[in-house]
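Encoded as structure tokens, the structure appears first; notes follow it.
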4 protein chains.
Amino acid sequence: MIDEFGSDPEAAIAAAAKRYSNWNRWGADDGVGTVNFLDAEKRAAAAALIRRGVSFSLSLPFDENGPQFGWKRRVNPVHTMMSTGMDTAEQMGLPHGLSVADDAVFMPLQCSTQWDGLGHVFDHGVAWNGRAGREVVTSEGDVATGIERLAAPVVGRGVLLDVGRALGEDGELPDGYPITSADLESTRERQGVSIGRGDLVLVRTGQLTRVRRGEGWGTYAGGPAPGLSFETLGWLHGTEIAAVATDTWGVEVRPNEWPDAMQPLHQVALPHIGLLLGEMWDLDALAADCAADGVHEFFLAAQPLPFTRAVGSPVNPVAVK
Amino acid sequence: MIDEFGSDPEAAIAAAAKRYSNWNRWGADDGVGTVNFLDAEKRAAAAALIRRGVSFSLSLPFDENGPQFGWKRRVNPVHTMMSTGMDTAEQMGLPHGLSVADDAVFMPLQCSTQWDGLGHVFDHGVAWNGRAGREVVTSEGDVATGIERLAAPVVGRGVLLDVGRALGEDGELPDGYPITSADLESTRERQGVSIGRGDLVLVRTGQLTRVRRGEGWGTYAGGPAPGLSFETLGWLHGTEIAAVATDTWGVEVRPNEWPDAMQPLHQVALPHIGLLLGEMWDLDALAADCAADGVHEFFLAAQPLPFTRAVGSPVNPVAVK
Amino acid sequence: MIDEFGSDPEAAIAAAAKRYSNWNRWGADDGVGTVNFLDAEKRAAAAALIRRGVSFSLSLPFDENGPQFGWKRRVNPVHTMMSTGMDTAEQMGLPHGLSVADDAVFMPLQCSTQWDGLGHVFDHGVAWNGRAGREVVTSEGDVATGIERLAAPVVGRGVLLDVGRALGEDGELPDGYPITSADLESTRERQGVSIGRGDLVLVRTGQLTRVRRGEGWGTYAGGPAPGLSFETLGWLHGTEIAAVATDTWGVEVRPNEWPDAMQPLHQVALPHIGLLLGEMWDLDALAADCAADGVHEFFLAAQPLPFTRAVGSPVNPVAVK
Amino acid sequence: MIDEFGSDPEAAIAAAAKRYSNWNRWGADDGVGTVNFLDAEKRAAAAALIRRGVSFSLSLPFDENGPQFGWKRRVNPVHTMMSTGMDTAEQMGLPHGLSVADDAVFMPLQCSTQWDGLGHVFDHGVAWNGRAGREVVTSEGDVATGIERLAAPVVGRGVLLDVGRALGEDGELPDGYPITSADLESTRERQGVSIGRGDLVLVRTGQLTRVRRGEGWGTYAGGPAPGLSFETLGWLHGTEIAAVATDTWGVEVRPNEWPDAMQPLHQVALPHIGLLLGEMWDLDALAADCAADGVHEFFLAAQPLPFTRAVGSPVNPVAVK
């Protein structure tokens, strides 16, 4: 990769940004990027992938035991009860023996299984479609690419690329392993599955499997990880997929492929390609099923919660085979 | 209804609870109730309902302008940015021109479009399947029927019963209108659609349409509303549907059908039938489409966010036709 | 006032900002403004004002019934229990009959009785002491004038100016009444109290008294109110007081004294004078006591909670006479 | 201690509860316990302790770097900006160059420097003054002893007992060191200070000093610590002090003095003595000053934020000498 892109990450990012830009592809007002590829026709075709009717939740549990370890202000979800089964009808002032339990949550939207919205990352202050980041995402949130724009469309064909199983040892890639386009393609071919426009591509590295075997999350939510090489930007762009998600915290390989670089693939994928990125997805149960029946494509419902002007959203993606 | 069930709500609730109980139907350990009806076979069959590939989000926007009006501690979601497009790469200490926007939310789980979990309501302190409410839902949350158990299965056949359009004036039922089983059946027949085991039934009253025409939410999230009559419990039980959801805050008619009663249908539906209830769903765009093409059945992905031990969850239900 | 300052609020603000600026008075690095006036000597002298030992909390209750009415995202505090007296020792896994109740809160820091920190308001993007607002208060908070800098010093001599009692009808000024310097001085003289360097001055308008008589908060937390005239900036500056607080949401008169103006006094007081502003203080019990004994000075402990980098803080000011 | 109280913690707790009970001492309706000892006379006398006018905040910073380490759902305070100095007047829709920064916080009330309210702990389900815990502290909070009752009175004479300096090595007691009544008395005598009715007693162990020298908080907020021996209950009761606070997370020694016991002193002090407990107070700067001038008494303003029905409150105690 460094051969191809050179030793200066800033120059490499600029080059990739230029080469793979989708700015204005869907007009100046576009707010959903590559999700445009996932149209009704693609969605209708995906229905045929539901055969057995088995469904898999690809979400981690949202609770206090989640993966966050106190980095910045990213806490795990704090769930509190507003009333419980211990509060009686009398105490609640309710008639005929009725009592009710209610609850609340505080959570950073990026704390667990999530979509990064297009306003999550900026390249030198520039957001998706060439807008000024400082105008797009203020303290009021994202006025141009808020996650609420994705409330309806993110339902379609999902494809699992189980790179961990294909290329890893015991189904897992080591931390720091950069998954290349060639790796993605060889996995795809090995699995005998096609990938094309509008697909929601799930890349399993196996890191989550490994972390779960251990005694705690460690730095899963922010540390070293296998993940996509910067070099895959061409593949991500050229395949015209709608989104890519992984079982790691940050999609791309960590440490990144230049010393001191930080998430350079994000810096191209979100603001330039307009590509939706999914993080901390739990692909293990689905992957086991795919390995067992050899079918790596499925119907995927991965609609975010439509928090208005949010730059991301927790999501419970459900795959149906 | 009062003819059938008598003038004493407590006695009526007890009678209905006994008549329509599903306790132990799926074993003593069951934690999902009527969602058991929605099995893989039903889910596979529902795939055939995706024809055009058009998708509809049935969720209200989750934001500060939501329907809550300060009743109890139910505030609207408060979304705050943890970083924005105004914070520069330098200020964030990030390299090569990268900057990142993050956000957080505080929200009561029952504040907008939602599923009521089975641990949301108790009858004289008794929870679903006959468990003691005080043991099931403590301050730690719901240990027996937490919403996380519904992470995977709530995807299947959706049916819209547009009672507002069928029986209302200009498509809307007035507040306080009790929808009876006969109303549900006549609407169903008028629409030419079947309803059966495992279906996710959406009942449109038109109240949300009316509220949206006005100047504000008023008491939409807790006041008078059209809704299901207590009498529909037999229909809800006998049809063996997996869930019912409405475009109102509380599924059932308000005021309820006895003076001073409070949500008596909930008191039977959740702890005795084990029936999942959906509230504040936005059915208008879907209903308009159904009215236009005459097709009132669809594939519905309505998986909750799996907050561990939660008694409910915000949800973005997506219907695909 | 308009006579003195002209018809253009922007020009008036600029003129007042220039005339009353305290920039660099305490050095380029200063982070506490006029609180510099409240030194140890002043604090020691204030001790003599404690005579009877009677203490008054000047705080509104922090709860769901607070004054906020849903303006922007300013909700009232949401207090939830994390465990209760209903959870048993067994359920909590605790030995020898011990059980514990814990709780949590979500709150905007400006939602009730509060101090505005110096980083709360900017004049054309400029913050206290001439710093660039965009550098001082980022998404990480206020790095130059965070409220934590006021953790220790805000304890000293308090003086109540009960303008409502002095000049109002039945002890209350009407909404929209602009309190002038002459009003402050005539009230001070009538009360026979001095005001000088380092004092914490509390101005009672009586609006809170009136609101409490009514059926709800109405727009108390953001609507019309009696309050300081823009013209008092000279008095606020010249007296060298450390802070001023009122029983209204916004210190200054609303509507402001120019059509379409918004809190012009704030725009001078915070970034230019460096004056701490207190809002929504409950002065009624203290005022009744002062009216009864004729003593309008007291020891005041009004230390904020030191939220790091916060631009304000809830506060429970306690006056001791 | 085990000699005096025997080997069974449950029996020891029962014996101490009986011996030191203050139930009904201030009537059946009492909601503030030993704070009754701190009356106006005591408060007036405390004023004489303000000599130099120097003030000390005894609060830890409230921020994301606080002492919590993810135990249960006790996160550190999460402070987020609702608007910043980067948002311009134009973006905020405000006139004449005005812009405003606002913020919000989510925090467990027990996460940092705090008061435990009387409803924080129960002995076999029984709360302060003999009330049933399940009736006193429901999901609505504490209806009998909510922290709001302490909004005004907790201002008076503070006394520092610097046991760390008196008996420790380099000013610090080791973790697990049980401070006895004899230790408290010998420290008191060594310091030449009296202790009596209504005092707010601050016990410095030096643990916080030690923790701050290290690389992180470790288990400061829930692990081993020096602290009061169970045996001090007699002293706490007999001295008729209003409150005791320490520089540790839990006041009493950890591990406790019986194997597998958990906070037995709390179980007597709160529900039986009615004694206010302060935790995680930062006493170091004050202690250094006291060591320097030999004066260990001072005026202390330690009023909680009056969260209605809360079982505790963050507090910024300010000592003035």
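The values are calculated or read from the model by the stated rules, or taken from the named source; none is laboratory data. Please read these numbers as outputs of a predicted model, since none were measured by experiment. Counting neighbours? That spans all protein chains shown, and the Cβs are built from the backbone with ideal geometry, glycine included.
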> Which one of the conditions (1) closer than 22 Å to D:Trp115 by Cβ; (2) over 22 Å from the mean Cα position of the chain (by Cα) does D:Pro9 fail to meet, given that it meets all the rest?
Replying inline: (1)
> From the list C:Arg51, C:Arg19, which residue is within 21 Å of C:Ile273 (Cβ to Cβ), in contact (Cβ under 8 Å) with a residue 12 or more places away in the chain and of a type in the set (Lys, Arg)?
Replying inline: C:Arg19
> Restricting attention to the range A:69-80, which residues are touching a Ser or Thr at 6+ places or on another chain (Cβ under 9 Å) and at pLDDT 95 or above?
Replying inline: A:Asn76, A:Pro77, A:His79, A:Thr80
> Of these, D:Val100, D:Val121, D:Val54, which one is over 22 Å from D:Thr209 (Cβ atoms) and in the same structural domain as D:Ala302 (by TED's automatic domain parsing)?
Replying inline: D:Val121
> With (1) under 25 Å from the mean Cα position of the chain (by Cα); (2) hydrophobic (A, V, I, L, M, F, W, C); (3) more than 25 Å from B:Ala302 (Cβ to Cβ) as the list, and A:Leu94 as the residue in question, which single condition is left unmet?
Replying inline: (1)
> If a residue has to be more than 8 Å from every other protein chain (Cβ to nearest Cβ) and under 28 Å from C:His296 (Cβ atoms) to count, how many in the range C:17-45 make the cut?
Replying inline: 9
> Given the conditions (1) modelled with pLDDT of 95 or more; (2) in contact with a strand residue (DSSP E or B) (Cβ under 9 Å, 6 or more places away or on another chain); (3) within 30 Å of D:Glu135 (Cα to Cα), which single one is not true for C:Gln91?
Replying inline: (1)
>> Considering only the range A:296-315, I want to know if a residue exists there that is assigned to a loop (DSSP other than H, G, I, E, B), aliphatic (A, V, I, L, M), farther than 30 Å from B:Ala40 by Cβ and away from chain B (no Cβ under 14 Å).
In response: no
>> Checking C:Ala144 against (1) more than 17 Å from the chain's Cα centre (by Cα); (2) over 27 Å from A:Ser139 (Cα atoms): exactly one of these is not met. Which one?
In response: (2)
>> Tell me whether the range D:54-69 contains one or more residues that are within 7 Å of another protein chain (Cβ to nearest Cβ) and among the aliphatic types (A, V, I, L, M).
In response: yes
> Is it the case that D:Gly156 is part of a helix (DSSP H, G or I) and crowded, with 24+ Cβ neighbours inside 10 Å?
Replying inline: no
> Among (1) part of a strand (DSSP E or B); (2) at the interface with another protein chain (Cβ under 7 Å from one of its Cβ atoms); (3) in contact (Cβ under 8 Å) with a residue 24 or more places away in the chain; (4) not β-branched (Val, Ile, Thr), where does B:Gly119 come up short?
Replying inline: (1)
>> Only one of A:Leu161, A:Leu184 is touching a strand residue (DSSP E or B) at 6+ places or on another chain (Cβ under 7 Å), within 24 Å of A:Trp249 (Cβ to Cβ) and assigned to a strand (DSSP E or B). Can you tell me which?
In response: A:Leu161
> Of everything in the range B:282-295 that's more than 13 Å from every other protein chain (Cβ to nearest Cβ) and outside any helix (DSSP H, G or I), which residue is surrounded by the most Cβ atoms within 10 Å (Cβ to Cβ)?
Replying inline: B:Leu283
>> Given the criteria under 28 Å from B:Asp103 (Cβ atoms) and more than 21 Å from the chain's Cα centre (by Cα), does D:Leu60 qualify?
In response: no
> What number of residues within the range B:275-291 are in contact (Cβ under 8 Å) with a residue 40 or more places away in the chain and more than 13 Å from the chain's Cα centre (by Cα)?
Replying inline: 7
> Is it true that D:Pro259 is without any contact (Cβ under 8 Å) to a residue 12 or more places away in the chain and within 14 Å of chain C (Cβ to nearest Cβ)?
Replying inline: yes
> Restricting the search to the range C:289-304, which residues are under 26 Å from C:Asp63 (Cβ atoms) and in contact with a helix residue (DSSP H, G or I) (Cβ under 8 Å, 6 or more places away or on another chain)?
Replying inline: C:Leu300, C:Gln303, C:Pro304
> Among (1) closer than 26 Å to B:Leu150 by Cβ; (2) within 9 Å of chain B (Cβ to nearest Cβ), which single condition is A:Pro264 missing?
Replying inline: (1)
> For D:Ala245, are the conditions met, namely being of a type outside the set (Phe, Trp, Tyr) and buried (at least 24 other Cβ atoms within 10 Å of the Cβ)?
Replying inline: yes
>> If B:Asn36 meets every condition in (1) under 26 Å from B:Gly216 (Cβ atoms); (2) of a type in the set (S, T, N, Q); (3) surrounded by fewer than 24 Cβ atoms within 10 Å (Cβ to Cβ) apart from one, which number is that one?
In response: (1)
>> Please determine whether any residue of the range B:104-116 is in contact with a helix residue (DSSP H, G or I) (Cβ under 9 Å, 6 or more places away or on another chain) and over 27 Å from D:Thr308 (Cβ atoms).
In response: yes
>> Exactly one of these conditions fails for D:Leu109: (1) in contact with an Asp or Glu (Cβ under 8 Å, 6 or more places away or on another chain); (2) at pLDDT below 95. Give me its number.
In response: (2)
>> Please verify whether C:Asn256 is assigned to a loop (DSSP other than H, G, I, E, B), assigned by TED's automatic domain parsing to the domain that holds C:Glu172 and under 15 Å from the mean Cα position of the chain (by Cα), treating the condition exactly as stated.
In response: no
> Which of the residues spanning the range B:127-139 are buried (at least 20 other Cβ atoms within 10 Å of the Cβ) and not in a helix (DSSP H, G or I)?
Replying inline: B:Ala127, B:Arg131, B:Val137, B:Thr138, B:Ser139
> Quick check: anything in the range B:232-243 touching a strand residue (DSSP E or B) at 6+ places or on another chain (Cβ under 7 Å), within 14 Å of chain A (Cβ to nearest Cβ) and not in a helix (DSSP H, G or I)?
Replying inline: yes
>> Looking for something crowded, with 23+ Cβ neighbours inside 10 Å, within 28 Å of A:Ser21 (Cβ to Cβ) and in contact (Cβ under 8 Å) with a residue 60 or more places away in the chain - is there at least one such residue anywhere in the range A:181-191?
In response: no
> What residue, among those in the range B:78-109 that are assigned to a loop (DSSP other than H, G, I, E, B) and more than 7 Å from chain A (Cβ to nearest Cβ), is surrounded by the most Cβ atoms within 10 Å (Cβ to Cβ)?
Replying inline: B:Asp87
> Going through the range C:124-167 one residue at a time, which ones are more than 10 Å from chain D (Cβ to nearest Cβ) and without any contact (Cβ under 8 Å) to a residue 40 or more places away in the chain?
Replying inline: C:Ala166, C:Leu167
